[in-house]
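K.L.:
Sending over a structure as structure tokens; questions will come in a sec.
The values are calculated or read from the model by the stated rules, or taken from the named source; none is laboratory data. Keep in mind that what you see is a predicted model, and the values were worked out from it rather than measured. A quick note on method: Cβ atoms are made from the backbone with ideal geometry, for glycine too, and the neighbour counts reach across all protein chains shown. Protein only, heavy atoms only, side chains kept; ligands, DNA and RNA dropped before computing areas. Shrake-Rupley method; radii C 1.70, N 1.55, O 1.52, S 1.80 Å.
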Amino acid sequence: MLITQEIENLLNRGARKAGVDKKLSISFSNMPKLCDFQCNDAFSLAKVFNENPFELASKIVENLDKSEDYIFEVARPAFINIKLTDKKLAEIANSYLIDEMGGVEKRERKEKIILDYGGANVAKALHAGHLRSPITGEGLKRLYTLLGDEVISDVHLGDWGLQMGLTELQLYEDGLLDYYFGTSEIKPTLTLEMLNEAYPKASARKNIDSAFKEKADKWTLKIQKKEQPYYDIYQEIRRVSIEKIKENYQALGATFDLWYGESDAAPYIDKAIKIIKDKGLAKESEGALVVDVAVEGENIPIEKKDPKEVQRYKNPMPPAIIQKYNGAALYATTDIATILMRNETIRDVDRIEYIVDARQKTHFIQVFRVCKMAGISPKNQQLIHIGYGTMNGKDGKPFKTRSGDTVKLSDIIDLLIDKASEKLKANNVKYDKTTALKIGVGAMKFGDLINNVGKDYIFDLDKFLAFEGKTGPYLQYSVVRINSILNKINDEQGQFFVNSEDERNIIRAILKLNSAYEIAYNEKSLSSICGACYDLASAFSTFYNNYKIINEQDKDKRASYIALIKLVKKKLEQALNVLAIEIPEKM
Ligand code: ARG
């Protein structure tokens, strides 16, 4: 049982005995000199019971079971302060050292969750806008797994949309596909460079050249119908793209159980549409097939162009388009078919969570509503869009290159490696590329995850890479430092006992970190773990500066210090592993 839970139980037993049948809760104290936890509920309860707050708090404390572990005190006006005895703190620390989970509790109910993150598009280069999904997705996957859930991650590649038709048509017009159409003997080797050139060109063209756009629509449909040679070429484009996509995700440390794409759901499209039609949900609109998903009286916030603008609303929610005028599938179609596929091939899925740009909110509301209305997603299954905020440049606008283009993810990774290398060089550390990658990517991830997932933030590599402050490198360095102490000694570790306020601070930070896992789970955001991790590292740093560990002459004290830093290492490593931040050997 978490310590906080243990204290709350004790407190609630006392409250019941005192005739207070309302649930009390505690929080970490913001005055650690005074106490470790506090309960502020006497104020509001006094109003309910029409009593004097101080007297009520005192009555509760008088009725508490005797405890050797906790000291309860009422402080004016009506706070209940709770302090852990040194003995109890030491007991906790020693038990966490042995416990495999280090005191983190698994959740009571194990759930089966599909996590949809990554979402790279075949034929388009991964760009800055795709960075947050694998970072948060991987973190949530590890968090849920640690807390006992069964998690299946799916990269859900974008490989069944208009971009395929656009890219192929452009390649064709550039004379690169002659072989496939029988006008050349030489089979071309399609390269990533060719794709990176073709797609942006075609994408810009479709906006000004309607004949080109119409033709691309036709090509897309031919691919979706698996007509040759269109489908063969598509497969080749897909293969070339995926190679690079895998390389990018590997550098970021994002792992996937399933490498499915929209195309894998294609065999379920007809069935999904039939279910929707049979339920009488579909109607024709300008040749397309749509489902009305508006809810009466519902107001939908219109995205603001400027944060200072007053919030305006539109009504109703636009209908979901599930088939194009020419019969082709769209983004919503493949997402609906994917939910059908997931439910038919994986049993009893409790939740499907999508870590996708917050700007796709409307799309997900539409898709989820269609699936619920049509019974494609069972009633008790949760469909959740975890919308992430935008990564902005220093100008406060979505991160772009100087010429206004989107920044390629592979360029960001190279930049992270370069910047980390510069840092290491300046610090006179011998390093290799793997170390620079760990530090660069670790800095990026922490800089991202410390923000609540829904908030925008500014991409500021110099800030992310600082070795001091709330940064990834600072946390990595804390572990590296502990490792280097542990490498210099070969003592058996002894029992930890509390010897100073600095040590109390460390154990308190560990308790807080353990609570942060549950908070992160409920918020579906890893920021609380990042914050608690930093607090632990900085508590360790204070202790490290104030005490000699290796040169401590008192044997018991030395053994206790070693036990303590081993625990700090264990807890930091556990947290960094959840955040998928790797720890370099040296830095
Ligand atoms: N490929 C999409 C994009 O680039 C993201 C896919 C997200 N997942 C999903 N099931 N829709 O915007």
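K.L.:
For the pair LYS112 and MET373, what calculated FRET efficiency results from E = 1/(1 + (r/R0)^6), where r is the Cβ-Cβ distance and R0 = 30 Å, to the nearest 0.05? Working shown, then result.
P.N.:
On the way: r = 23 Å, r/R0 = 0.78.
In this case the efficiency is close to 0.80.
K.L.:
Go ahead and estimate [θ] at 222 nm for the chain from helices alone: -39,500 (n - 2.57) per DSSP H run with n ≥ 4, summed, over the residue count, rounded to 500. Walk me through the intermediate numbers first.
P.N.:
Details: 19 runs with 288 residues, N = 587.
About -16000 deg cm²/dmol.
K.L.:
Could you state how much accessible area LEU190 has, in square angstrom rounded to the nearest 10, with a 1.4 Å probe and all protein chains kept in place?
P.N.:
10
K.L.:
With the full set of protein chains in place, find how many percent of the accessible area of segment 18-176 is carbon and sulfur; take the probe as 1.4 Å.
P.N.:
Numbers: 3390 of 6660 Å².
Here it works out to 51 percent.
K.L.:
Sort ASP159, ASP350 from largest to smallest accessible area, using a 1.4 Å probe on the heavy atoms of the protein chains.
P.N.:
Largest accessible area first, the residues go ASP350, ASP159.
K.L.:
Evaluate the Kirkwood expression for the hydrodynamic radius of segment 363-470, namely the inverse of the mean inverse distance over all pairs of different C-alpha atoms, and round to one decimal in Å.
P.N.:
Values: mean 1/r = 0.0602 Å⁻¹.
Every distinct Cα pair counted, the radius reaches 16.6 Å.
K.L.:
Let me ask another. Give me the Debye-computed log₁₀ of I(q)/I(0) at q = 0.12, 0.15 Å⁻¹ for segment 21-126, equal point scatterers on Cα only, no solvent, two decimals.
P.N.:
The calculated log intensity ratios at q = 0.12, 0.15 Å⁻¹ are -0.63, -0.80.
K.L.:
Could you work out how much longer the chain between LYS246 and GLU100 gets when fully extended? Use 0.36 nm per residue separation minus the Cα distance between them, nm to one decimal.
P.N.:
Working: separation 146, 0.36 × 146 = 52.56 nm, distance 3.24 nm.
Gain in length upon complete extension: 49.3 nm.
K.L.:
Another one. Going by accessible area, probe 1.4 Å, with all protein chains left in place, what is the ranking of GLU111, GLU197, largest first?
P.N.:
Values: GLU111 25, GLU197 120 Å².
Result, largest first: GLU197, GLU111.
K.L.:
Excluding LYS586 itself, calculate the net charge of residues whose Cβ lies under 12 Å from the Cβ of LYS586, where each Lys or Arg counts +1 and each Asp or Glu counts -1. It would help to have the intermediate numbers written out before the result.
P.N.:
Details: positive: LYS430, LYS438, ARG481; negative: ASP432, GLU585.
Residues close to LYS586 contribute a combined charge of +1.
K.L.:
Next question. What percent do you get for the relative contact order of segment 252-370 when only Cα pairs under 8 Å and 6+ apart count?
P.N.:
Rounded, it is 28 percent for segment 252-370.
K.L.:
So which trypsin sites (Lys or Arg not before Pro) in segment 175-278 end up in coil per DSSP with only 14 or fewer other C-beta atoms within 10 Å? If you can, show how the numbers build up before the last one.
P.N.:
Details: sites: LYS201, ARG205, LYS206, LYS213, LYS215, LYS218, LYS222, LYS225, LYS226, ARG238, ARG239, LYS244, LYS246, LYS271, LYS274, LYS277; in loops: LYS225, LYS226.
For trypsin sites (Lys or Arg not before Pro) across segment 175-278 that sit outside H, G, I, E and B with at most 14 neighbouring Cβ atoms in 10 Å, the list reads LYS225, LYS226.
K.L.:
Helix 3-17 versus the longest principal axis of the chain: what is the Cα-based angle in degrees, 0 to 90, to the nearest 10?
P.N.:
60
K.L.:
Count charges around GLY14 for me, please; just the other residues with Cβ under 15 Å from its Cβ, Lys/Arg as +1, Asp/Glu as -1. Present the calculation step by step, with values, prior to reporting the outcome.
P.N.:
Values: positive: ARG13, ARG16, LYS17, LYS22, LYS23, LYS59, LYS66; negative: GLU6, GLU8, ASP21, ASP41, GLU55, GLU62, ASP65, ASP69, GLU73.
Neighbour charge sum, excluding GLY14 itself: -2.
K.L.:
Shifting gears a bit: Show log10 I(q)/I(0) for the chain at q = 0.07, 0.08 Å⁻¹, two decimals, from a solvent-free Debye sum over equal Cα scatterers.
P.N.:
Each listed q maps to, in turn, -0.55, -0.70.
K.L.:
For the Cα atoms of the chain, what angle does the longest principal axis make with the long axis of helix 555-578, in degrees from 0 to 90, nearest 10?
P.N.:
With rounding to tens, the tilt is 20 degrees.
K.L.:
Which angle between 0 and 90 degrees, to the nearest 10, do you get for helix 269-278 versus the longest principal axis of the chain when only C-alpha atoms count?
P.N.:
Once rounded, one gets 90 degrees.
K.L.:
Sticking with this structure for a sec: Find the accessible area per residue for the chain; the probe is 1.4 Å, ligands and nucleic acids are left out, and the unit is Å². It would help to have the intermediate numbers written out before the result.
P.N.:
Working: 28080 Å² over 587 residues.
Using a 1.4 Å probe on heavy atoms only, each residue of the chain averages 48 Å².
K.L.:
Only loop residues by DSSP count here, and only those with at most 11 other Cβ atoms within 10 Å; note down the trypsin sites (Lys or Arg not before Pro) in segment 397-441 that meet that.
P.N.:
For trypsin sites (Lys or Arg not before Pro) across segment 397-441 that sit outside H, G, I, E and B with at most 11 neighbouring Cβ atoms in 10 Å, the list reads ARG402, LYS430.
K.L.:
Find, among the GluC sites (Glu not before Pro) in segment 273-375, those assigned to loop by DSSP (not H, G, I, E, B) with at most 10 other beta-carbon atoms within 10 angstrom.
P.N.:
Numbers: sites: GLU284, GLU286, GLU296, GLU298, GLU303, GLU309, GLU344, GLU353; in loops: GLU286, GLU296, GLU298, GLU303, GLU309.
Here the sparse-neighbourhood loop sites are GLU286, GLU296, GLU309.
K.L.:
Here's a follow-up. Once phi is turned into ³J(HN,Hα) by the Karplus curve 6.51 cos²θ - 1.76 cosθ + 1.60 with θ = phi - 60°, what whole-Hz value does each residue of segment 254-265 show in order, with x for glycine and proline?
P.N.:
8, 10, 10, 7, 10, 9, 7, x, 4, 4, 5, 8
K.L.:
From largest accessible area down, sort ARG359, ARG342, ARG347, ARG558; use a 1.4 Å probe on the protein chains.
P.N.:
Working: ARG359 125, ARG342 10, ARG347 150, ARG558 45 Å².
I get ARG347, ARG359, ARG558, ARG342, largest accessible area first.
K.L.:
Here is a further query. Over all distinct Cα pairs, what is the inverse of the mean 1/r for segment 506-587, reported as the Kirkwood hydrodynamic radius in Å? Walk me through the numbers on the way to the answer.
P.N.:
Numbers: mean 1/r = 0.0728 Å⁻¹.
For segment 506-587, the Kirkwood estimate is 13.7 Å.
K.L.:
Give the cross-link partners of LYS372 among the lysines, using a straight C-alpha distance below 20 Å as the criterion and excluding same-chain residues fewer than 8 apart.
P.N.:
Answer for LYS372, where 20 Å is the Cα cut-off: LYS112, LYS271, LYS274, LYS277, LYS279, LYS283, LYS361, listed by chain and number.
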